[in-house]
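Every number in this text was worked out from the coordinates using simple rules, so none of it is lab data. Owing to the predicted nature of the structure, the values given are computational and were not obtained by experimental measurement. Note that we place each Cβ from the backbone using ideal geometry, even for glycine, and neighbour counts take in every protein chain shown.
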Amino acid sequence: MKLLITGGAGFIGSAVVRLAVARGHHVVNLDALTYAACLDNVASVADSPLYSFEQADIRDRAALDRIFSEHQPDAVMHLAAESHVDRSIDGPGTFIDTNITGTYTLLEAARAYWQARGKPQDFRFHHISTDEVFGSLGPTGLFTETTAYDPHSPYSASKAASDHLVRAWHETYGLPVVMTNCSNNYGPYHFPEKLVPVVILNALAGQPIPVYGQGENIRDWLYVEDHADALLLVLQEGATGRSYNIGGENEARNIDLVQTICAILDRLRPADAPYASLITHVADRPGHDARYAIDPARIRDELGWRPSVTLEQGLERTVAWYLDNEDWWRALQSRDGVGARLGVKA
Ligand SMILES: NC(=O)c1ccc[n+]([C@@H]2O[C@H](COP(=O)([O-])OP(=O)(O)OC[C@H]3O[C@@H](n4cnc5c(N)ncnc54)[C@H](O)[C@@H]3O)[C@@H](O)[C@H]2O)c1
């Protein structure tokens, strides 16, 4: 297949690009190269004849029309987005522009391209979204594909709006879409402003490891390479117009996640004192959702997919990757806002 992947220089998008090329797909990576992008993430496939790169913004309709017409993709996998909740609290405008207006512009470009080709039913527009659109759970319960939307942050509200647009383009125009909502990803090439790399890199630097509030918030952690595998499966086997929740079957409290990372570092890179002694509780994020948890029944029962690693196995691989790839993360630490506490204005 020829895949047009948006956001392929980001964390999850680059994992999809690498896996798709490894599986013999042609990939066109479309990315605006914002602060969150890093072309080194796809360096391993950059010279492949299966790979090409287009620097473009998903809000730029003329650029999108040219790219569709030049590359003639069989499918779109849409991952480009502003993705950091804390940044969305400080500056929601770019989240509205990229996640809502950008998705609208991409949908319209895809629709025009699809209609001009005679509306092939095997075309796919795969929209990648988050479980944060469902809001927050209490101590029990799981998000299913029919859970009512109840987003709480500017980020999740903008992603919820984009999900609604994609559904509407299917219902109204018949565009063949599939949708996925996944839980928190972690793994190699995770930008150093997100929780897991922050813990690893602060620990290695001997700096305080910040934990928001008491660290009681629960997330379901999904290893990014498992996620990429699930996305390619949904793209090829998912039913048109259907959405699938993707989870890691790995619920953990933030404080337990941080303790686990510290224990792995104690083994792999022992220091004078246990790394957990650096854990520092800081002011909580405004509107911090208490618990996210995915019911993975649909993707498991209909498509036969399950995650391949436990949280402990995935974290061990992730910590080892950061220890081996210091050049990659050092270069990103000087980018705007990285290392600063964001999202406390509210
Ligand atoms: N990271 C997670 O845990 C997680 C969880 C659930 C869902 N998601 C979703 O998965 C997708 C990818 O997330 P990620 O963590 O890889 O994000 P990321 O921030 O690492 O990467 C986003 C990429 O999109 C590009 N981009 C941003 N605005 C753009 C624009 N206007 N035009 C073109 N490109 C643009 C950036 O340059 C970057 O390369 C997002 O849609 C996100 O909402 C992420």
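So what is the calculated 222 nm ellipticity per residue for the chain, using -39500 (n - 2.57) for each DSSP H run with n of 4 or more, over all residues, to the nearest 500 deg cm²/dmol? Before the final figure, lay out each step's value.
Numbers: 11 runs with 131 residues, N = 346.
One gets -11500 deg cm²/dmol as the mean residue ellipticity at 222 nm.
Whose amide H sits under 5 Å from the amide H of GLU82, counting only residues 5 or more places off or on another chain, with H placed in the peptide plane?
The list, which skips near neighbours in sequence, is ASN99.
GNM, the chain, Cα, under 10 Å: largest mean-square fluctuation among ASP122, ASP324, ASP272?
Result for the chain, Cα springs under 10 Å: ASP272 fluctuates most.
Which of the peptides 329-335, 67-73 is most tightly packed, and how do the rest follow, going by the mean number of other Cβ atoms within 10 Å of each residue?
Numbers: 329-335: 13.9, 67-73: 16.7.
The most tightly packed comes first, giving 67-73, 329-335.
Report ³J(HN,Hα) in whole Hz for each residue of the stretch 164-181, in order, from the Karplus equation J = 6.51 cos²θ - 1.76 cosθ + 1.60 where θ = phi - 60°; Gly and Pro get x.
Along the stretch 164-181, the couplings run 4, 4, 4, 4, 5, 5, 6, 5, 7, 10, x, 4, x, 10, 10, 9, 9, 10 Hz.
Of LEU303, THR94, ASN250, which is farthest along the charge dipole of the chain in the positive direction, counting Lys and Arg as +1 and Asp and Glu as -1 at C-beta?
Final value for the positive-end residue is THR94.
Using modelled backbone amide H atoms (1.01 Å from N, in-plane), which distant-in-sequence or interchain residues come within less than 5 Å of THR130's amide H?
CYS182
Taking amide hydrogens as modeled 1.01 Å from N in the peptide plane, which residues meet the under 5 Å criterion relative to PHE125, leaving out close sequence neighbours?
VAL76, VAL177, VAL178
Give me the net charge for the shell around ALA80: Cβ to Cβ below 13 angstrom, other residues only, Lys and Arg +1, Asp and Glu -1. Walk me through the numbers on the way to the answer.
On the way: positive: ARG59, LYS159; negative: ASP31, GLU54, ASP57, ASP60, GLU82, ASP97.
Neighbourhood net charge equals -4.
Whole-Hz Karplus ³J(HN,Hα) for the stretch 235-250, in order, using 6.51 cos²θ - 1.76 cosθ + 1.60 and θ = phi - 60°, x for Gly and Pro?
4, 8, 10, x, 7, 4, x, 9, 10, 10, 7, 10, x, x, 6, 9
Could you work out the relative contact order of the chain? I mean the mean sequence separation of Cα pairs under 8 Å and 6+ apart, divided by the number of residues, in percent.
For the chain, the relative contact order is 19 percent.
Can you give the local net charge around SER52? Use residues other than it whose beta-carbon is closer than 13 angstrom to its beta-carbon, Lys and Arg +1, Asp and Glu -1.
-3
Quick check for me: using +1 on Lys/Arg Cβ and -1 on Asp/Glu Cβ, what's the dipole size of the chain about its Cα centre, in debye to the nearest 20? Present the calculation step by step, with values, prior to reporting the outcome.
Values: 29 positive and 44 negative charges, 81 e Å.
Dipole of the chain, to the nearest 20 debye: 380 debye.
Total Lys pairs in the chain closer than 26 Å by alpha-carbon, pairs eight or more apart in sequence or interchain only?
Qualifying lysine pairs in the chain: 5.
From the backbone phi of the stretch 119-135, what are the Karplus-calculated ³J(HN,Hα) couplings (6.51 cos²θ - 1.76 cosθ + 1.60, θ = phi - 60°) in whole Hz, Gly and Pro given as x?
Computed from phi, the couplings for the stretch 119-135 are 6, x, 6, 8, 5, 9, 10, 9, 9, 9, 9, 10, 6, 5, 5, 8, x Hz.
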